[in-house]
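Asker: Submitted below is the structure of interest, expressed as structure tokens.
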Amino acid sequence: MQIVQNIHQAVIKSLFTIYNLAFTEKDFQVNKTKPEFEGDYTVVLFSLLKTTGTSADKLGQELGADLVKNNPELFTRFNIIKGFLNFHIADSFWIALLQNNYNDICYGKKPLNGKKVMVEYSSPNTNKPLHLGHLRNNFLGWSVAEILKASGFQVVKSCVVNDRGIHICKSMVAWQLFANDATPQSTHMKGDHFVGDYYVKFNDEYKKEVKELTDQGIPPAEAEKQAPIMIATQEMLQDWEAGKPGVINLWNKMNGWVYEGFDVTYKTIGSDFDETYYESQTYLLGKDIVQQGIDKKIFFTKHDGSVWIDLTAEGLDEKLVLRKDGTSVYITQDIGLAKQKYEEYKIDQSIYVIGDEQNYHMKVLKLIAQKMGVPAADDIHHLSYGMVELPTGKMKSREGTVVDADDIVAEMEKEAEEKTAALGKVKDFTAEELKHLFHTIGLGALKFFLLRVDPKKRMVFNPEESIDFHGFTGPFIQFNYARIKSILRKNELVPGKKVAPDFLPLEKELIILLEQFEAVIEQACAELNPSAIAIYVFTVAKTFSSFYTEHSIANAETAEKKQLRLQLSVMTANVIKSGMQLLGIDVPERM
RNA sequence: GAUCCCGUAGCUCAGCUGGAUAGAGCAUCAGCCUUCUAAGCUGAGGGCCAUUGGUUCGAAUCCAAUCGGGGUCACCA
């Protein structure tokens, strides 16, 4: 049980003994005592005054005395300042915590709870390579999956590949027009970049054609429709839907190139999926749902034959679910896929990692799923995250103003290499070991950079300023891990050996912090928020760093003190490693 | 027009289920490597928590309005 819960329970029991009143955890707060006051944990008394009919001082005295008397294993002494009841927690409590957990690599994690959850993330288009925004999505999805696992859920990671539609046809048309049968092999290019270049090429050509038409006096809206390359693209989409072999072959070929490229990127950044859905196979889903919806009178048909749902009672609009030509729209496919997910995997919850521009769409999706009786529709969660923008504004693939995922990862690795070389601490590493280390540090810096902020906030990335390796960063945390490992290689920790019975302030600060790991994971899970983990792990590393600078471990005052510090170091290393794992970040043994 | 999100140090962000004197990192300045890895540590400066009103013993935190920034409200995905 966590210390805060322990204190809550003890206080509730004590209040009942003294006043014969029943309180719950929600009736009063237990906080970590602020550093400027004496004590470890604080009970805030104000909210209890009215019910107990006492003054803060009287309540504090009675409660403090009773708690210390009846729980000597937890509380040693107390003081009261202006309605705050501050307790010292017994050193023996912290010692026991350390002894029982320092070497447990599963510390902080919960056993399986029997619940299954699907996390859908990444979900790329097959007409362009991944960019920095996709990386935020991938890192968030992976991290949330790890956090859910640590909280006892069985997790199924899924990916929906957007492999059809007008935007896919654009790069296909441009390739036909301009490629002269070039391939990724013939140009020595990564397949996704190769295809992406034709997507950009399409837009260049399209703009050119529209300008020519408007120069001839055709209104812009008309010119956009008349541009020959756009007409060709629309024809291609129709041919694709009709299953015309030539188009299907081209589509398969170009998607194949993209998948080869994606595989490399996913492997580099450490993303994987248990299930991949292709939109080309799911876009017809949901049509039976439409019929069911009409039968249940949840949907209604308009005069032109289009089908709608009226969500005005929920404060939204009327929403189209089937076009007048009978083809389904995005939301309809999504309902169909949502249902399929539940049927295939018997999941209890479904989490969608999707950008905040689709907040409205996801709200509608959940509402319709609930109305249609899709199983567990109440447990559809949208992990909504803000866009990654450049100082100049939004990234646009069409215009080539994107920070490419492969490029930024490569840059980070190069940065790691230069900084490592400058420090010269790993000169004995083999070329292979060095390469691995640069990858660990570079990718760690990038992941931490994207995960350390609240997902829902949009963030600005300035390519002119390199991502930091000092301070509140991945490499700082990795460095502290490596430093602990170095100590542990040089100083033997003998299990069962006697440890010192008390703590110095910095040692106490560290063990109190380590105790909070479980609570932090709970919070991150409840909020689907990896930044809570990032902030916590940084705080642990920083606290250790202060402790390390102030107190020698190898040359501790006594053998017992050395043993205590070694155990603290092991536990810190374990928590750092586990915490970073929850973010999808590796930690090196040396750096 | 409707609706959602954001606004905290020069910059990037914590803190938001109300509690004590609002915290980090970067940047700036001053110290600290013949002792366990200095990607480090210690200290200094830097704040009308967008504004106004309300609720409360107590508000950066809750409520309302206003101002600024962004998203969405497509027979696009």
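Asker: In 5 Å bins starting at zero, report the fraction of Cα pairs in the stretch A:98-166 per bin as a rounded %.
Answerer: Bin by bin from 0 Å, the calculated values are 3, 15, 18, 16, 14, 11, 9, 6, 3, 2, 1, 0, 0.
Asker: Per Stokes-Einstein, at 25 °C and 0.890 mPa s, what whole-number D in µm² s⁻¹ belongs to the stretch A:187-343, with the Kirkwood radius over Cα pairs as the hydrodynamic radius?
Answerer: 127
Asker: Under the rule of -39500 (n - 2.57) per DSSP H run of 4 or more residues, summed and divided by the residues of chain A, what mean residue ellipticity at 222 nm is obtained, to the nearest 500 deg cm²/dmol?
Answerer: Calculated mean residue ellipticity at 222 nm is -17500 deg cm²/dmol.
Asker: If you don't mind, another one. Return the long-range amide H neighbours of A:V403 (sequence gap of 5 or more, or a different chain), with a cut-off of under 5 Å between placed amide H atoms.
Answerer: Amide H to amide H, under 5 Å and 5 or more residues apart or across chains, A:V403 pairs with A:L132.
Asker: Given N residues in the stretch A:487-556, what is Rg(Cα) / (2.2 N^0.38 Å)?
Answerer: In units of the globular-protein estimate, the stretch A:487-556 measures up at 1.35.
Asker: Here is a follow-up. Determine ³J(HN,Hα), in whole Hz, for all residues of the stretch A:535-549 in sequence, where each value follows from phi through the Karplus function 6.51 cos²θ - 1.76 cosθ + 1.60 and θ = phi - 60°; x replaces Gly and Pro.
Answerer: These are the phi-based 3J(HN,Hα) values: 5, 5, 4, 4, 4, 4, 4, 5, 5, 4, 4, 5, 4, 4, 5 Hz.
Asker: How large is the convex hull of the C-alpha atoms of the stretch A:275-319 per residue, in Å³?
Answerer: It comes to 124 Å³ per residue, whole-number rounded.
Asker: Tell me the label-point distance for the pair A:S92, A:R590, using the 7 Å Cα-to-Cβ offset, in nm and rounded to one decimal.
Answerer: About 4.4 nm, to one decimal.
Asker: Which of the trypsin sites (Lys or Arg not before Pro) across the stretch A:553-591 are loop residues per DSSP, with 16 or fewer other Cβ within 10 Å?
Answerer: A:R590
Asker: Can you give the angle from 0 to 90° between the axis of helix A:431-451 and the longest principal axis of chain A, with both taken from C-alpha atoms, to the nearest 10?
Answerer: Taking the Cα atoms of chain A, the angle to A:431-451 is about 90 degrees.
Asker: Still on this model: Given R₀ = 41 Å, FRET efficiency for A:E314-A:K497 by Cβ-Cβ distance, to 0.05?
Answerer: After rounding, the FRET efficiency stands at 0.05.
Asker: Tell me the relative contact order for chain A as a rounded percent, counting alpha carbon contacts under 8 Å between residues six or more apart.
Answerer: 16
Asker: For the stretch A:413-418, what does the Karplus curve 6.51 cos²θ - 1.76 cosθ + 1.60, with θ = phi - 60°, yield as ³J(HN,Hα) per residue in whole Hz, taken in order and with x for Gly and Pro?
Answerer: 5, 5, 4, 4, 5, 5
Asker: A further question on this structure: Arrange the following residues from fewest to most other Cβ atoms within 10 Å of their Cβ: A:R458, A:R489.
Answerer: By the 10 Å Cβ count, ascending, the order reads A:R489, A:R458.
Asker: Moving on to the next point. Arranged from highest to lowest average of other beta-carbon atoms within 10 Å per residue, in what order do the peptides A:219-226, A:193-200 appear?
Answerer: A:193-200, A:219-226
Asker: In nanometres, what is the gap between the two model label sites at A:L112 and A:K32, each 7 Å from Cα along Cα-to-Cβ?
Answerer: Label-label distance for A:L112 and A:K32, simple model: 3.4 nm.
Asker: List the residues whose amide H sits under 5 Å from the amide H of A:S350, counting only those 5 or more places along or on another chain, with H placed 1.01 Å from N in the peptide plane.
Answerer: When sequence neighbours closer than 5 places are left aside, the close amide H contacts are A:M118, A:I380, A:H381.
Asker: Using per-residue counts of other Cβ atoms within 10 Å, averaged over each peptide, order A:4-10, A:20-26, A:104-110 from highest down.
Answerer: Ranking, from highest mean packing down: A:4-10, A:104-110, A:20-26.
Asker: Using θ = phi - 60° and the Karplus form 6.51 cos²θ - 1.76 cosθ + 1.60, what ³J(HN,Hα) does each residue of the stretch A:286-303 get, whole Hz, x for Gly and Pro?
Answerer: Each residue of the stretch A:286-303 in turn: x, 5, 5, 5, 4, 4, 4, x, 5, 4, 7, 6, 7, 9, 9, 9, 8, 4 Hz.
Asker: Check which residues have an amide H placed less than 5 Å from A:V321's amide H, if you skip close sequence neighbours.
Answerer: A:V307, A:W308, A:I309
Asker: Right, here's the next one. Order these by the 10 Å Cβ neighbour count, fewest first: A:L514, A:L434, A:L74.
Answerer: Ranked by crowding around the Cβ, least crowded first: A:L434, A:L74, A:L514.
Asker: Shifting gears a bit: Over the alpha-carbon set of chain A, work out the extent along each principal axis and list the three values in angstrom, largest first.
Answerer: Its Cα atoms span 88, 66, 44 Å along the three principal axes.
Asker: Rounded to the nearest 0.05, what FRET efficiency do A:K394 and A:N100 have when you use their Cβ-Cβ distance and R0 = 45 Å?
Answerer: 0.30
Asker: Moving on to the next point. Taking 0.36 nm per intervening residue step and subtracting the Cα-Cα distance, what contour gain separates A:Q234 from A:D454 on full extension?
Answerer: Taking 0.36 nm per residue and subtracting the Cα distance, the gain is 75.2 nm.
Asker: Computed on alpha carbon atoms, what radius of gyration and Dmax characterise the stretch A:319-441, expressed in Å?
Answerer: Values for the stretch A:319-441 (Cα only, Rg and Dmax): 22.6, 69 Å.
Asker: So how far apart, in nm, are the two label points at A:S55 and A:K297 if each is 7 Å from Cα heading toward Cβ?
Answerer: With each label point 7 Å from Cα toward Cβ, the separation is 6.8 nm.
Asker: If you don't mind, another one. Count the DSSP beta bridges whose two residues both fall in chain A, then state the antiparallel fraction as a percent rounded to the nearest 5.
Answerer: Once the DSSP bridges in chain A are tallied, antiparallel ones form about 50 percent.
Here, each number is a calculation from the coordinates, and none is a lab measurement. Just so you know, these numbers come straight off a predicted model, no measurement behind them. With ideal geometry, Cβ positions are generated from the backbone for all residues, glycine too; neighbour counts draw on all protein chains shown.
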